[in-house]
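Notes to accompany the following structure.
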Amino acid sequence: MPTPRDLEPQITALRDACAATDGVTSLIVFGSTTRAAAGRRDEWSDLDFNVFFAPEKTDELRASWPFLPDPDRLVLRAVEGGDGGVALYDDGLVAEFGAGLPWVVRDPDREVLLDGGDVVTADPDPLPDPADQIGVFLVKTAIGVGRLRRGERISGSLFVRTYALTPLCEALRQRLAPDAPRSPFDPLRRIERVLPDVAARIGALLDGDAEACARGLVALARAELEPGWLEFPSRAFDVVTETLGWA
């Protein structure tokens with residue numbers, strides 16, 4: 001079994017670099033970068049963090065990212081979104097972060113390593129209604145299959161394997177494992193640990209043809225969620241399967 005990556009030296013170096021950077025006020029780490037979740041680190045774990053800036057230093061720090069430790073070992077850095085970035089070190093370590101003026105931190109899986117008095121936390125937004133999620137799944141599936149049949153293989157596959165799959169997994173989690181630990185933001189994360197049999201079936205479908213995957217996900221949704229769930233949109237599922245010739 002591979003040896004988990006030892007993140008502690010990199011976390012210490014990150015904290016020290018942030019503390020030494022003029023204008024960096026706070027540092028918050030998330031997920032397996034926190035000490036509380038150190039037990040789930042493996043060889044693929046990365047550095048996941050937010051860095052907050054003083055207003056007068058924001059433009060300068062956004063341009064140079066001096067808070068990243070060991071800059072001589074960086075082989076790639078790239079902006080992601082308005083206040084985010086990614087970086088890659090020469091040993092394969094990935095850093096993924098938000099950096100800018102303070103915002104409200106809603107991720108409960110966090111640890112504050114530097115607190116400049118601007119860290120504001122709040123609970124995550126409520127989870128979406130599973131009845132809405134199963135409806136979104138069905139419509140995104142129909143759109144995806146339509147694009148596949150039109151010849152848009154890339155866009156259609158994206159709809160089936162991402163835009164449809166994500167709300168399906170949200171509904172599956174809420175209906176089949178409502179009390180299991182989870183990310184409040186991404187129902188796909190570690191679903192294999194919570195619903196291993198269902199996840200194995202989904203994984204097998206994802207390995208196959210895109211339309212076969214879509215049809216299999218619809219069948220899985222009906223088998224796992226329709227029995228006993230009064231809000232399940234059975235008639236809508238009938239319409240989609242008839243329209244697509246799957247009836």
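Scanning segment 70-85 for residues that are assigned to a strand (DSSP E or B) and either touching a helix residue (DSSP H, G or I) at 6+ places or on another chain (Cβ under 6 Å) or open to solvent by 60 Å² or more (accessible area, probe 1.4 Å) (or both) returns VAL75, LEU76, ARG77, VAL79.
Rundown of residues vs (1) open to solvent by 60 Å² or more (accessible area, probe 1.4 Å); (2) outside any helix (DSSP H, G or I), yes/no style:
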{"position": "LEU172", "(1), (2)": "no, no"}
{"position": "PRO184", "(1), (2)": "no, yes"}
{"position": "ALA199", "(1), (2)": "no, no"}
{"position": "ALA214", "(1), (2)": "no, no"}
{"position": "GLY228", "(1), (2)": "yes, yes"}
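Only one entry of ALA199, ALA204, ALA212, ALA219 meets the criterion of being within 27 Å of ASP107 (Cα to Cα), free of Cβ contacts under 8 Å to residues at least 60 places away in the same chain and either of a type in the set (Val, Ile, Thr) or not assigned by the TED database to the domain that holds ALA37 (or both), and that entry is ALA199. Inspect segment 12-22 for any residue being outside any helix (DSSP H, G or I), open to solvent by 10 Å² or more (accessible area, probe 1.4 Å) and touching a helix residue (DSSP H, G or I) at 6+ places or on another chain (Cβ under 8 Å) and give the result as yes or no. Within segment 12-22, one or more residues are outside any helix (DSSP H, G or I), open to solvent by 10 Å² or more (accessible area, probe 1.4 Å) and touching a helix residue (DSSP H, G or I) at 6+ places or on another chain (Cβ under 8 Å). Checked against the criterion of being under 21 Å from the mean Cα position of the chain (by Cα), of a type in the set (Lys, Arg) and crowded, with 19+ Cβ neighbours inside 10 Å, segment 152-161 contains not a single residue that satisfies it.
Among all positions in segment 5-22, there is no residue which is at pLDDT 95 or above, at negative phi and in contact with a Gly (Cβ under 6 Å, 6 or more places away or on another chain).
Screening VAL94 with (1) surrounded by 15 or more Cβ atoms within 10 Å (Cβ to Cβ); (2) under 22 Å from the mean Cα position of the chain (by Cα); (3) within 24 Å of GLU43 (Cβ to Cβ) gives one miss only, at (1).
The values are calculated or read from the model by the stated rules, or taken from the named source; none is laboratory data. Everything quoted here is computed from the prediction, not taken from an experiment. Heads up, the Cβs are rebuilt from the backbone with ideal geometry, glycines too, and the neighbour counts pull from every protein chain shown. Just the protein is used for accessible areas: all its heavy atoms, side chains included, with ligands, DNA and RNA removed. Shrake-Rupley method; radii C 1.70, N 1.55, O 1.52, S 1.80 Å.
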